[in-house]
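In what follows, a single structure is set out as structure tokens and then discussed.
The values are calculated or read from the model by the stated rules, or taken from the named source; none is laboratory data. It should be emphasised that the depicted structure is a prediction, and the values quoted were computed from it without experimental measurement. We place every Cβ from the backbone using ideal geometry, glycine too, and count neighbours over all the protein chains shown. When the accessible area is computed, the model is the full protein with side chains, heavy atoms only, and any ligands, DNA or RNA have been set aside. Shrake-Rupley method; radii C 1.70, N 1.55, O 1.52, S 1.80 Å.
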Amino acid sequence: MRLTILLLLLEVSMTVVNAAPAKTGELHSRIDAAAAKVESKVIACRRDIHEHPELGNREVRTAKIVADRLRELGIEVQEHVAHTGVVGLLRGGKPGKVVGLRADMDALPVTEQVDVPFASKVRTTYNGQEVGVMHACGHDAHVAILLGVAEVLSGMREQIPGTVKFLFQPAEEGAPEGEEGGAELMVKEGALKNPNVNAVFGLHVTSRFPVGEIAYKPEGMMAAVDSFEVVVHGKQTHGAYPWLGVDPIVIASQIVLGLQTIPSRQLDSTLAPSIVTVGAIHGGVRNNIIPDQVEMIGTIRSLDAKMREDIHTRIRRTVENIATSGGATATVTITTGYPITYNDPSLTEKTLPSLRDAAGAANVRLVNATLGAEDFSFFQQAARGVFFWLGTRPPSQTAEQAASNHSPLFYVDESGLGLGVKALARVAVDYLAAN
């Protein structure tokens, strides 16, 4: 009798175990079918947003499109988060955890040079200059993909074990001067709370990888970014008599070279790469006048938190000591920016089967970190998160031929957007089903 009962219990257990994958497989099939069905809508949405780009904290039209569409899908909507951000809440039919999915909405002050019917002709004033406006980093694709995911998941909400929070974020490229914005402000304003997000996922289109490929990197995937300003104070004099003054231009030149020795000679480059770049120098008004001061600005990129602090210390020491050696003085101002985009290793490992099922195992690749930066990192500081690349380079181009993100020639092969919908939807559902 006891043996019979044990055998029955074992049979029931095996039935439950075998049923679970089948159920997940059924959800995957529904996701894939729905993603294929919404693909044309995703492309149309992307083209509309591309033709009407908006800079950070000014994404009014884009935010309205997002909010209106989420409401049509029966998703709870919160607007005006971090200025123009939109948060959508889809409550599944079964209890469970909360997963966040993020898309950024802002464009760049770039004049488009891509020859497509929906090319941007928008112009605006940015930092006092008239500029073109373009989705040169693919955020239009991100918005369209996430709206596609919202439609796919809203159509199967009864089968979703938990809640999906859609985070449509403004100002990833930075808020206007004097304003807060982006993911940091969304977190401050509680976008990941009520209900609390347990894990957050996002993707970024790129011309580095071809259509159909997904790339990932556990731990540090993208760099922390900081900016610095250096002012070298010399003593103005005639260009013919430099010994009567202190030449801040020569000293600034020495500082530029000295800063390059920080990543190349002072840090252990085997631990993590880093960059110190001077992006602009301003000083002087005439060819025969040595000016009183020179100003320079630059960027710092690092993939290790301790190294980041060390670089700051070394920059100050290098600048001040070189200035002193030439009889000048210098002030250094370092402004911290985005943290390291850090993919939780355990969560990344658990996410890989979803990505491989969506794209095919051969099309999901482990890649090196990049020294670009992403403010998705602020979400990852508030909840475990994974960020991955979605290839949108045309098959006819090599990585060297394709224009990079932020280029006026940046081009998105729209045939890759459907995979973005499928991948994000599967990642969300699989995470909820496993938790």
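Here is how the numbers come out for the structure above:
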| quantity | calculated |
| --- | --- |
| Candidates ILE290, ILE300, ILE275 - the one that is of a type in the set (A, V, I, L, M, F, W, C) and open to solvent by 40 Å² or more (accessible area, probe 1.4 Å) | ILE275 |
| Criterion (in contact (Cβ under 8 Å) with a residue 24 or more places away in the chain, of a type in the set (Asp, Glu) and in contact with a Phe, Trp or Tyr (Cβ under 6 Å, 6 or more places away or on another chain)) met by exactly one of GLU51, GLU112 | GLU51 |
| Residues located in the range 37-51, provided they are open to solvent by 70 Å² or more (accessible area, probe 1.4 Å) and either more than 10 Å from ALA144 (Cβ to Cβ) or touching a Leu at 6+ places or on another chain (Cβ under 6 Å) (or both) | LYS37, SER40, GLU51 |
| Residues located in the range 193-226, provided they are in a loop (DSSP other than H, G, I, E, B) and either closer than 23 Å to THR336 by Cα or within 13 Å of the chain's Cα centre (by Cα) (or both) | ALA223 |
| Residue identified as open to solvent by 30 Å² or more (accessible area, probe 1.4 Å), more than 30 Å from LYS188 (Cα to Cα) and in a helix (DSSP H, G or I) among ARG356, ARG365 | ARG356 |
| Answer residue from the range 240-256, given it is of a type in the set (A, V, I, L, M) and in contact with a Ser or Thr (Cβ under 9 Å, 6 or more places away or on another chain) and is most open to solvent (accessible area, probe 1.4 Å) among those | LEU244 |
| Search result, residues across the range 305-328 that are open to solvent by less than 60 Å² (accessible area, probe 1.4 Å) and either among the basic types (Lys, Arg) or closer than 30 Å to ASP375 by Cα (or both) | MET307, ARG308, ASP310, ILE311, HIS312, ARG314, ILE315, THR318, VAL319 |
| Verdict on GLN397 being farther than 30 Å from LEU185 by Cβ and open to solvent by 70 Å² or more (accessible area, probe 1.4 Å) | no |
| Any hit, the range 109-125, residues being modelled with pLDDT of 95 or more, hydrophobic (A, V, I, L, M, F, W, C) and open to solvent by less than 10 Å² (accessible area, probe 1.4 Å) | no |
| Top-ranked residue in the range 304-333 [being of a type in the set (A, V, I, L, M, F, W, C) and within 22 Å of the chain's Cα centre (by Cα); ranked as farthest from GLN380 (Cα to Cα)] | MET307 |
| Residue list for the range 140-187, filter: charged (D, E, K, R), within 18 Å of the chain's Cα centre (by Cα) and outside any helix (DSSP H, G or I) | LYS165, GLU172, GLU173, GLU180 |
